[in-house]
1. Ranked highest first by average number of other Cβ atoms within 10 Å, how do 39-45, 68-74 line up?
2. Kirkwood hydrodynamic radius (Cα pairs, Å) of region 1-85?
3. Report the full-extension gain for the segment residue 24 to residue 5: residue separation times 0.36 nm, less the Cα-Cα distance, to one decimal in nm.
4. Please give, to one decimal in nm, the separation of the simple spin-label points placed at residue 16 and residue 89, each 7 Å out from Cα toward the Cβ.
5. Can you compute the modelled spin-label distance between residue 70 and residue 34, with each label point 7 Å from Cα toward Cβ, in nm?
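Since every read-out is calculated from the coordinates, none of them should be taken as a lab result. Since the model is a prediction, treat every value here as computed from it, not as a measurement. With ideal geometry, Cβ positions are generated from the backbone for all residues, glycine too; neighbour counts draw on all protein chains shown.
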């Protein structure tokens, strides 16, 4: 997958110094958090078989989303606080949050 240059330009338009990219609240850390959370939500959607707020699927499948829990993971860019999506029956444990790992 190739990231379009326009997206990169938009992400770094306010860039002033290396701290903006690599610092405690830098772009790399924010992107890592956003991508991991987005991927985990997509996995939960796949496991449940329906999109968030899809009320029509509740009758077919008694399981549904049940908020998030926070988990701190370690990365090359420091610790990242992730919001891990949960399901009511605690059955969906795919991919990124399958194991109790604290390193990404």
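1. Peptide ranking by packing, descending: 39-45, 68-74.
2. 15.3 Å
3. Full extension from residue 24 to residue 5 adds 4.4 nm.
4. 5.2 nm
5. Simple spin-label model gives 2.1 nm for this pair.
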